[in-house]
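Input: a single structure, listed below in structure tokens.
The values are calculated or read from the model by the stated rules, or taken from the named source; none is laboratory data. Given the structure is predicted, the values throughout are model-derived calculations rather than measurements. Positions of Cβ are backbone-derived with ideal geometry, glycine not excepted, and every protein chain shown enters the neighbour counts.
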Amino acid sequence: MRVCGIEIKANEAIICLMVLKDGLFELPECRQTRFTLSKDADSEQMQHFQFTFAKFIQDYKIEQLVIKERPQKGKFAGGAVGFKIEAALQLIKDCRCSLMSASELKELLKRNPLQIDFKATGLKIFQETAFSTAYAFSLNSLRKI
């Protein structure tokens, strides 16, 4: 299964591709590590953002998007642009999209800690949350099979 883990920060969707094949995880090369939406995006820019991400999904044959959910209230609440990004991703056709709460992510990683140091993955440090989200979702889906 090809999964794209996503962390939304401010006006960016930070991504990490992960492939689960025969019980092993792979991190395929990827032309992008993030997608940006301008803070004052109008409907044309929103459609362009969604089209670009949908093309990325098609090019890399991604089957599942999994977004780390952000709180709607409180100290760590997400901003308006972040929720626009989330909505645009959830509405992309022909690709499943799930949200994973921070508590669910933390619990899954606690029960199934990473077997390697994150630095050994070759990913950028800012992709760590997106990687963890994809990893936890993939592990959870593997258990359901």
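Which residues, taken from the range 119-137, are part of a helix (DSSP H, G or I), more than 24 Å from P71 (Cβ to Cβ) and either in contact (Cβ under 8 Å) with a residue 12 or more places away in the chain or in contact with a strand residue (DSSP E or B) (Cβ under 6 Å, 6 or more places away or on another chain) (or both)?
T121
When the residues of the range 55-85 are narrowed to those that are small (G, A, S) and surrounded by 14 or more Cβ atoms within 10 Å (Cβ to Cβ), which ends up nearest to I6 (Cα to Cα)?
Within the range 55-85, the match that is nearest to I6 (Cα to Cα) is G82.
Given (1) of a type outside the set (A, V, I, L, M, F, W, C); (2) loosely packed, with under 11 Cβ neighbours inside 10 Å; (3) more than 23 Å from R31 (Cβ to Cβ), where does E104 come up short, assuming only one miss?
Going through (1) of a type outside the set (A, V, I, L, M, F, W, C); (2) loosely packed, with under 11 Cβ neighbours inside 10 Å; (3) more than 23 Å from R31 (Cβ to Cβ) one by one, E104 breaks only (2).
Could you tell me whether K68 is within 20 Å of Y135 (Cβ to Cβ) and charged (D, E, K, R)?
Answer is yes for this residue.
Scan the range 56-113 for residues that are charged (D, E, K, R), more than 20 Å from L20 (Cα to Cα) and touching a residue at least 60 places away in the same chain (Cβ under 8 Å) and jot them down.
R70, E86
I'd like to know if the range 47-62 contains one or more residues that are over 18 Å from A13 (Cβ atoms), under 15 Å from the mean Cα position of the chain (by Cα) and at pLDDT 95 or above.
Yes, that holds for at least one residue.
Does the range 80-102 include one or more residues that are in a helix (DSSP H, G or I), touching a helix residue (DSSP H, G or I) at 6+ places or on another chain (Cβ under 8 Å) and not hydrophobic (A, V, I, L, M, F, W, C)?
So far as the range 80-102 goes, yes, one or more of its residues are in a helix (DSSP H, G or I), touching a helix residue (DSSP H, G or I) at 6+ places or on another chain (Cβ under 8 Å) and not hydrophobic (A, V, I, L, M, F, W, C).
So for the range 16-31 (the condition being farther than 25 Å from P113 by Cα and out of contact with any Pro (no Cβ under 6 Å at 6 or more places or on another chain)), does at least one residue qualify?
yes
Counting only residues that are under 15 Å from the mean Cα position of the chain (by Cα) and not in a loop (DSSP other than H, G, I, E, B), which one in the range 21-46 is surrounded by the most Cβ atoms within 10 Å (Cβ to Cβ)?
Step by step, filter the range 21-46, then rank; the result is F35.
Name the pairs: first residue in the range 39-55 and at negative phi, second residue surrounded by fewer than 13 Cβ atoms within 10 Å (Cβ to Cβ) and not small (G, A, S), Cβ to Cβ under 8 Å, at least 6 apart or on different chains?
Note: pairs meeting the criteria are Q50/L91; A54/K93.
Could you list, in sequence order, the residues of the range 3-25 that are of a type outside the set (A, V, I, L, M) and either at pLDDT 95 or above or within 29 Å of G79 (Cβ to Cβ) (or both)?
C4, G5, E7, K9, N11, E12, C16
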